[in-house]
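A.B. asks: Input: one structure, supplied below.
The values are calculated or read from the model by the stated rules, or taken from the named source; none is laboratory data. The structure displayed is predicted, hence computed values, not measured ones. Cβ sites come from the backbone with ideal geometry, for glycine too, and all protein chains shown count toward neighbours. The area values use the complete protein model at the heavy-atom level, side chains included, leaving out ligands, DNA and RNA. Shrake-Rupley method; radii C 1.70, N 1.55, O 1.52, S 1.80 Å.
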Amino acid sequence: MTKNLLLLTSLMFAVLHVQAQTVAEPADSSWTRIYRNSYRRINDLVHTKLEVKFDYEKSYMYGKEWLTLKPHFYPTDSLLLDAKGMDIKEVALFSAAKKTNLKYQYDSLQLKITLDRIYKKNEKYTIYIAYTSKPNELKVKGSAAINDAKGLYFINPKGEDKDKPIQIWTQGETESNSAWMPTIDKPNQKSTEEIYMTVPQKYVTLSNGALISQKKNPDGTRTDYWKMDLPHAPYLFFMGVGDFVIVKDQYKGKEVSYYVEKKYASVARKIFGYTPEMMQFFSQKLGIEYPWNKYAQMVVYDYVSGAMENTTATLHGLYAYQNARDLTDNNGWETTIAHELFHHWFGDLVTAESWSNLTVNESMADFSQTLWMEYKYGKDAGDDENQYGLRNYLSDSAGANKDLVRFRYPDKEDMFDVVSYQKGGRVLQMLRNYVGEEAFFQSLNLYLTTYKFKTGEADQMRLAFEEVTGQDLNWFWNQWYFGSGHPDLKIEYQYDDNVKKATLIVQQMQNTGKIFRLPVAIDIYEGSEKRGTKPGLKIKQTR
């Protein structure tokens, strides 16, 4: 063998010659003493039925709700609902088509209802609430990922801006849908859903599940009836209203549709057209067919984030729009389309049971971007997407001080960062390489199958991987999920031509006091030709 070039293919992400940085703690550190536990489930949502009408002049929504619940385990005579910034008109028990008024207390954020009696486990009851949602009068804050949190958005409602369409849309994550519907607005709740939306006849609507019927009303409005018969989290409920063209596609008999402005109808398939192929690829890779009855994507104005995986009804901001000339080079929104679709398994089918465990939603979706690019355009494209995610993580020095799963944070919105997304995606790629392709996807299949239509957390994902691989992976989870930081590697290569021996020296240079366990593989090249991979080569790692 002539002189070889050894490439270190790390099964973790390593930082070459990047010094760890210490970030000053915020002045208010009281949050460090608050443990963010999962929300206690006293009552469980069962079904949500809504009738809503929109007041475009006032930017109000008038709602009627029938909310069916049951005690989670212990008997209870009360119910606490999230209901932000509403006018509450009536609260009653609904039984046998009759309403019985109930006592309640309301502080503008939560509605505490005294039930008519004590209800036991599995004993269902239905609460009727009449209310007005006033989102523009609600004072709330968003995050870097989601820059507002008022839940319901009236865009140009009076048509005063001639360059902007009139639209209505909702954004639920993290806990903002309770600004337009009273609910238990927590990720560890799930509910089936019916929504009757009354809108001007010239507009189309979109919501979760299937459009069951449309009824024209004498006053020039139309009532659309949408039904979702599979349970999903309250933050994934969605309503969209506007003057959209619906471009239709299909996947295995299921409707796939793209809601766009008329001027983009001709390029809608060029923007979103890989969606059916993505659905097929992810279904095959995970061994679980796309689990919902349809998949729609809508593009709206003034969106507060990039995109959102509302169940069966993904929402995109204007970034998704590209003209024919833009699309001749590449689709700059393609990985986002993959990301939001993958959430329909990781996030919608199995939902993070708390924001502390957001990694089982967002890290998975971030990883899907690498997975799609690798499948569609080859390994180099996948590696490039993976490297892009790594660079994004490293660009934020604060990320080095945060665990992937963390139970202490200033605000739940702070979980939406480069750690939950980009670092988590790289951790999954590392895990994929470590356990192997077949074991990795069998483990994901077991996790999804076990917890479908329920919630999951990082340790439950670990148990799925241990069940499939037969390995104790606590070391991996403790190091990457429940630990912070990353290695700073100095790699030296030496070659002795006399004895034809190559030596690779890897030193961990970080000044954090942590030493990382780093499984690696070495690819051996002769010139530009790969001769093989030597996972068993001895690597001297020094501190």
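A.B. asks: To the nearest 10 square angstrom, what accessible area does W66 show with a 1.4 Å probe?
C.D. replies: 40 Å²
A.B. asks: Sticking with this structure for a sec: Enumerate the aspartates and glutamates that K124 could reach by cross-link, defined here as Cα to Cα under 17 Å, with residues fewer than 8 away along the same chain left out.
C.D. replies: Result set, ordered by chain and number: D44, E65, D77, D116, E193.
A.B. asks: A further question on this structure: At 10 °C and a viscosity of 1.306 mPa s, what translational diffusion coefficient does Stokes-Einstein give for the range 99-253, taking Rh as the Kirkwood radius over Cα pairs? Give it in µm²/s as a whole number.
C.D. replies: Details: Rh = 18.0 Å.
Estimated via Stokes-Einstein, D reaches 88 µm²/s.
A.B. asks: How big is the dipole moment of the chain about its Cα centre under a simple scheme where the beta carbon of each Lys and Arg is +1, that of each Asp and Glu is -1, and everything else is neutral? Debye, nearest 20, please. Walk me through the intermediate numbers first.
C.D. replies: Values: 68 positive and 68 negative charges, 186 e Å.
Taking the Cα centre of the chain as origin, the dipole is about 900 debye.
A.B. asks: OK, next. Viscosity 0.692 mPa s, temperature 37 °C: what is the translational diffusion coefficient of the range 422-475 from Stokes-Einstein with a Kirkwood Rh over Cα pairs, rounded to a whole number of µm²/s?
C.D. replies: Working: Rh = 11.4 Å.
Roughly 288 µm²/s, to the nearest whole number.
A.B. asks: Sort 255-264, 312-321 by the packing proxy (mean of other Cβ within 10 Å over each peptide's residues), most packed first.
C.D. replies: Numbers: 255-264: 18.7, 312-321: 21.9.
Packing order, densest peptide first, comes out as 312-321, 255-264.
A.B. asks: Can you give me the three principal axis dimensions of the chain from its C-alpha atoms, in Å, biggest first?
C.D. replies: 92, 55, 44
A.B. asks: How large is the translational diffusion coefficient of the range 441-519 in µm² per second when you combine the Kirkwood radius over alpha carbon pairs with Stokes-Einstein at 20 °C and 1.002 mPa s? Write out the running numbers ahead of the final one.
C.D. replies: Details: Rh = 15.7 Å.
The calculation lands on 136 µm²/s.
A.B. asks: With unit charges on the beta carbon (Lys/Arg positive, Asp/Glu negative), name the residue among S356, A265, L50 whose Cα is farthest towards the positive pole of the charge dipole of the chain.
C.D. replies: Selected residue: L50.
A.B. asks: Calculate, in whole percent, how much of the Cα-Cα pair population of the range 408-543 lies beyond 22 Å. Present the calculation step by step, with values, prior to reporting the outcome.
C.D. replies: Values: 4898 of 9180 pairs.
Counting pairs separated by more than 22 Å, the tail of P(r) holds 53 percent.
A.B. asks: Let me ask another. Normalise the Debye intensity by I(0) for the range 348-464, one equal point scatterer per Cα, no solvent, then take log10 at q = 0.11, 0.12, 0.23 Å⁻¹ and round to two decimals.
C.D. replies: -0.36, -0.43, -1.37
A.B. asks: From the cross-link list K216/K252; K49/K216; K202/K252; K53/K139; K202/K263, which pairs have alpha carbons spaced over 26 Å apart?
C.D. replies: Checking Cα-Cα distances, K216/K252; K202/K252 exceed 26 Å.
A.B. asks: Give the calculated FRET efficiency between Y493 and Q387 to the nearest 0.05, with a Förster radius of 25 Å applied to their Cβ-Cβ distance.
C.D. replies: Working: r = 20 Å, r/R0 = 0.82.
For R0 = 25 Å, the calculated efficiency reads 0.75.
A.B. asks: Same structure, new question: Accessible area per residue for the chain in Å², computed with a 1.4 Å probe and the full protein assembly in place, what is it? Walk me through the intermediate numbers first.
C.D. replies: On the way: 24080 Å² over 543 residues.
Value returned for the chain: 44 Å² of accessible area per residue.
A.B. asks: To continue, here is another question. Assuming a ≥ b ≥ c are the square roots of the Cα gyration tensor eigenvalues, decide whether the range 160-240 counts as rounded (a/c under 1.5), prolate (otherwise, with a/b larger than b/c) or oblate.
C.D. replies: Details: a/c = 2.63, a/b = 1.43, b/c = 1.84.
Note, shape of the range 160-240 comes out oblate.
A.B. asks: Compare the peptides 34-41, 335-342 by average per-residue count of other Cβ atoms within 10 angstrom and give them in order, highest first. Each step should come with its number before you reach the end.
C.D. replies: Values: 34-41: 12.6, 335-342: 22.8.
Highest-to-lowest ranking by the protection proxy: 335-342, 34-41.
A.B. asks: While we're here: Ignoring ligands, DNA and RNA, what percent of the accessible area of the chain is carbon or sulfur (1.4 Å)?
C.D. replies: Values: 11450 of 24080 Å².
The C+S portion of the solvent-accessible surface of the chain is 48 percent.
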